[in-house]
Amino acid sequence: MAAQGSDSKTLSISLPDGRTLSYGIYGATAPGARTVFYFHGFPASHHEAAVLDDAARAADVRIVAPSRPGMCRSTFQPDRAITHWPTDVLALADHAAIRADTFGVLGASGGAPYVLACCAALPASRLRAAGILSGLYPASLGLQGMLLEARLLLWLAPWSTGLVQRMLDWSIGAAAAAAATTTGANSGNKLEMLMDHAMRARPGPDRRAWEENEGGLRDMLVTSVQNAFPADSGGGGGGGARGAAWEAKLLGCEWGFELTDVNMGEGRLVLWHGKKDVNSPLAMAEKAHAMLAGSEIRIECDEAHMSLLLHKLHEALAVLKERMS
């Protein structure tokens, strides 16, 4: 097996403030294909979008997936806020290699806040439709039903981001670093074993998707998580868990905008959520939906967190493509 996290297809642009934004392109390659920006979960990187590749080709949709600051090769951004993200997305949309005058956005899990920030800030003349799969919503909506480790992370990170960074470096970061420097049959084993242990606490649909590597999910997750802990994310201070810890802080804090500020218009924001989700409990999504004017929610009774992402990709891309017109 080749080294996990091979980064040969990672592209990058230089942003106006001098930072680097890394990204990948998946799905359709035809000039007329619709563009959807995909925002990865947490902790993750743009490699997560590899799981969309086949569905995007079938839908004739081009997926442009950026890694957020501190992930993969994207420069760490000191004092970053969720509300800074729409500016980076517009810069990428206007980049010569992308040239997307109009586009959709799709996010999964921890990518949800970034979808909603774009919905609140970007003009309807550019952002035409948005979707969220297994989204994480503000902690203020309640964390009941969420995995204990996730609840503790969202509580601790805003108050002690440095401690969270050290904890993540000691655990996932160390395993990711080992995977990045190892080749051959044992490449990535430490990280994969650590993730495999964590999956034992997940609901049945998620465990089966992981164990069976359904749609390449297992391979994708290991690669994506490895690249969330880069050797160097730029901006001084190295890489490792620096970006992931800051991201955890942002997810646990106030987001800088209210859900009631988001109004895409009727039917242009669709939420998909699994009833068995313990990463982002359904109650959170239902409360968020009630606050998001004009939004639509589609609840899947037999799906959990990751299984919903796998099983609703084709539907989500078809809906976004249709509603971008």
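Descriptive notes on the structure:
- For the range 69-102, filtered to residues that are touching a Lys or Arg at 6+ places or on another chain (Cβ under 9 Å) and over 21 Å from Ala129 (Cα atoms), the residue that is surrounded by the fewest Cβ atoms within 10 Å (Cβ to Cβ) is Arg80.
- Any chance Gly142 is of a type in the set (Gly, Ala, Ser), surrounded by fewer than 21 Cβ atoms within 10 Å (Cβ to Cβ) and closer than 12 Å to Ser280 by Cα: yes
Residue-by-condition table, conditions (1) in contact with a Gly (Cβ under 8 Å, 6 or more places away or on another chain); (2) surrounded by fewer than 24 Cβ atoms within 10 Å (Cβ to Cβ):
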| position | (1), (2) |
| --- | --- |
| Asn227 | yes, no |
| Glu254 | no, yes |
| Glu258 | no, yes |
| Asn263 | yes, yes |
| Gly267 | yes, yes |
| Lys276 | yes, yes |
| Leu309 | no, no |
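- Gly265 within 30 Å of Ala120 (Cα to Cα), at pLDDT below 95 and out of contact with any helix residue (DSSP H, G or I) (no Cβ under 8 Å at 6 or more places or on another chain): yes
- Scope the range 195-228; condition among the aliphatic types (A, V, I, L, M) and in contact with a helix residue (DSSP H, G or I) (Cβ under 6 Å, 6 or more places away or on another chain); matching residues: Met199, Ala209, Leu217, Met220, Val222, Ala228
- Every residue from the range 154-172 that is within 23 Å of Lys190 (Cα to Cα) and either in contact with a helix residue (DSSP H, G or I) (Cβ under 8 Å, 6 or more places away or on another chain) or assigned to a loop (DSSP other than H, G, I, E, B) (or both): Leu163, Val164, Gln165, Leu168, Ser171, Ile172
- Within the range 247-260, residues that are under 18 Å from Ala290 (Cα atoms) reach partners that are part of a loop (DSSP other than H, G, I, E, B) with beta carbons closer than 6 Å, at six or more positions or on different chains, in the pairs Leu259/Leu292.
- Long-range neighbours under 7 Å by Cβ, at least six apart or interchain, first residue over 19 Å from Ile297 (Cα atoms) within the range 136-154, second in a helix (DSSP H, G or I) and hydroxyl-bearing (Ser, Thr, Tyr): none
- Unmet criterion (only one of (1) touching a strand residue (DSSP E or B) at 6+ places or on another chain (Cβ under 6 Å); (2) within 29 Å of Ile172 (Cα to Cα)) for Ala44: (1)
- Residue pairs whose Cβ atoms lie under 7 Å apart, sitting 6 or more positions apart in sequence or on different chains, and linking a residue in the range 285-314 that is over 17 Å from Tyr38 (Cα atoms) to a partner that is surrounded by fewer than 17 Cβ atoms within 10 Å (Cβ to Cβ) and of a type in the set (Val, Ile, Thr), are Met291/Thr260.
- Residue among Val105, Val115 that is out of contact with any Gly (no Cβ under 7 Å at 6 or more places or on another chain) and either buried (at least 20 other Cβ atoms within 10 Å of the Cβ) or within 24 Å of Asp169 (Cβ to Cβ) (or both): Val105
- Inter-residue pairs, beta-carbon under 8 Å, first within 21 Å of Leu317 (Cβ to Cβ) and in the range 270-284, second basic (Lys, Arg) and assigned to a loop (DSSP other than H, G, I, E, B), 6+ apart: Trp272/Lys312
The values are calculated or read from the model by the stated rules, or taken from the named source; none is laboratory data. Treat the numbers as computed from the prediction; the structure is a model and nothing was measured. Ideal geometry is used to build each Cβ from the backbone, glycine not excepted, and the neighbour counts take in all protein chains shown.
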